[in-house]
Amino acid sequence: MTTYTYKAFKERRDKIFLVSLLIAVVLYCAFSVTYFASVSGEIRESVVRLHILADSNSQMDQQVKLKVRDALLEKNTELLSSKVTSENAEEYFKNSKDELEKCANEVLKENGFEYTEKITLGKEYYTTRVYEDLTFPAGTYTSVKVVLGSGEGKNW
């Protein structure tokens, strides 16, 4: 009888251990997902993304798109700085739009393109993107959208 009692005790102890382990794993996963969602939300609220569409997929249009991107980032207006969040982006956009348009149009003109750009501020969905050591999770971000010419080319 002692063996049976010890065996029953051992089986019960093993079941309790397995159930406890399962609960711990489920709680860990739930907290990890919650933490990730929280951090992802903070990133989406604190970043203004730059979205540039080329006029076409021709090599020249794609090259000028990258030149426009580089010029806009080099210009480093307040709108494209770290002090702008999705909450205050509209105010900065109103103050920076003319400067951004001028910069983009100068690059287009210097490179012999007849078309101009259209720059807007809005919300856009992005897939997860990795830029060197930065990862931006998928989601909807406030976005400065630059459409060059017809905007039918690949985006940056």
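The values are calculated or read from the model by the stated rules, or taken from the named source; none is laboratory data. Keep in mind it's a predicted model, so treat the numbers as computed, not measured. Here the Cβ positions follow ideal geometry from the backbone for every residue, glycine too, while neighbour counts run over all protein chains shown. Please note that ligands, DNA and RNA were not included when accessible areas were found on the heavy atoms of the full protein model with its side chains. Shrake-Rupley method; radii C 1.70, N 1.55, O 1.52, S 1.80 Å.
Just need a number here: residues in segment 50-95 that are basic (K, R), surrounded by 15 or more Cβ atoms within 10 Å (Cβ to Cβ) and modelled with pLDDT under 85.
Total meeting the criteria: 1.
If I go through segment 129-152 residue by residue, how many of them are in contact with a Leu (Cβ under 6 Å, 6 or more places away or on another chain) and in a loop (DSSP other than H, G, I, E, B)?
The qualifying residues number 1.
Within segment 130-156, how many residues turn out to be open to solvent by 60 Å² or more (accessible area, probe 1.4 Å), modelled with pLDDT of 85 or more and more than 18 Å from L73 (Cα to Cα)?
So the answer is 3.
Just give me the residues in segment 86-128 being outside any loop (DSSP other than H, G, I, E, B), under 18 Å from G151 (Cβ atoms), touching a helix residue (DSSP H, G or I) at 6+ places or on another chain (Cβ under 9 Å) and charged (D, E, K, R), in sequence order.
Answer for segment 86-128, where residues must be outside any loop (DSSP other than H, G, I, E, B), under 18 Å from G151 (Cβ atoms), touching a helix residue (DSSP H, G or I) at 6+ places or on another chain (Cβ under 9 Å) and charged (D, E, K, R): K97, E117, K118.
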